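Below: one structure, written as structure tokens.
The values are calculated or read from the model by the stated rules, or taken from the named source; none is laboratory data. Keep in mind that this is a model prediction, so the values were computed, not measured. So basically every Cβ, Gly included, is an ideal-geometry build from the backbone, and we count neighbours across all protein chains shown. Surface areas here come from the heavy atoms of the whole protein model, side chains and all, with no ligands, DNA or RNA. Shrake-Rupley method; radii C 1.70, N 1.55, O 1.52, S 1.80 Å.
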Amino acid sequence: MSASSVDVLFILLGAIMILAMHAGFAFLELGTVRKKNQVNALVKILTDFAVSAIAYFFIGYGIAYGVHFFGPASDMLQNHGFELVKFFFLLTFAAAIPAIVSGGIAERAKFHPQSAATFLLVGFIYPFFEGMVWNNNFGMQDLFKAWFGAPFHDFAGSVVVHAVGGWIGLAAVLHLGARRGRYSKEGRIAAHPPSSIPFLALGAWILIVGWFGFNVMSAQKNRRHFRPSGHEFTHGDGGRHLSRHRGWQKRPGLYS
């Protein structure tokens with residue numbers, strides 16, 4: 001794939017923005033869990049990304065795209081280093097999988113088993129789906145085209161990243177069950193209020209900015225980003241207004 005230096009810069013900025021999104025995931029989880037578990041949650045999130053980087057570099061990226069980095073540096077620097085930057089960009093996508101799962105099983109998973117699960121997810125399971133959709137592994141896109149008349153198009157990982165992460169998170173939640181103390185013996189729900197509203201708000205703001213990297217930069221070409229950027233802004237803004245309106249309907253005095 002030929003790429004100009006502008007394209008390389010474009011996708012590099014996207015990768016940096018998505019990397020920053022992981023701070024948003026972290027603050028969301030820190031604001032949600034109880035204060036006694038905040039340090040544990042933060043260390044898990046940082047470790048998840050580190051484990052994801054190792055697993056994806058040595059195993060996952062090769063499974064998905066058949067590309068390995070054990071070769072001459074001159075090969076990797078072709079097209080202004082586009083392949084290396086593309087790896088960084090797709091790594092931030094892959095690392096979102098354990099971040100999604102981590103939020104779903106907050107305060108319920110032990111440190112070392114979760115780290116091992118992250119390695120398996122990012123090194124083996126996620127690249128299997130990623131390669132089928134984005135690299136036509138096993139001829140999957142050819143099958144979709146034969147069955148439905150068109151290949152399956154996932155522009156920014158709505159299925160490859162978010163749905164797969166959600167499915168894995170659901171399986172983990174069903175396996176681990178509810179947080180300890182969440183339900184009484186009589187079946188009543190015990191409230192676990194957020195430990196920090198400012199952390200929740202900060203995480204949300206970081207994610208709002210980072211989503212432009214996730215969705216807009218998925219074009220991977222500087223000249224094709226205008227339409228996704230407009231969609232990203234208007235759809236996100238519409239969602240915020242809808243959630244505010246629903247909150248006001250349930251609690252009319254909430255914003256007075």
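From the residues in the range 96-106 that are in a helix (DSSP H, G or I) and aliphatic (A, V, I, L, M), which one is surrounded by the most Cβ atoms within 10 Å (Cβ to Cβ)? So, considering only residues that are in a helix (DSSP H, G or I) and aliphatic (A, V, I, L, M), the one surrounded by the most Cβ atoms within 10 Å (Cβ to Cβ) is I97. Cβ-Cβ contacts under 7 Å between residues 6 or more apart (or on different chains), taken from a first residue in the range 175-195 that is closer than 23 Å to V101 by Cα to a second residue that is open to solvent by 90 Å² or more (accessible area, probe 1.4 Å) and modelled with pLDDT of 80 or more, are listed as S195/K35. Considering the range 1-11, and only residues there that are part of a helix (DSSP H, G or I) and hydrophobic (A, V, I, L, M, F, W, C), the residue that is farthest from the chain's Cα centre (by Cα) turns out to be V6.
If you go through the range 27-66 and keep only what is open to solvent by less than 10 Å² (accessible area, probe 1.4 Å) and small (G, A, S), you end up with G31, A41, S52, A55, G60, A64.
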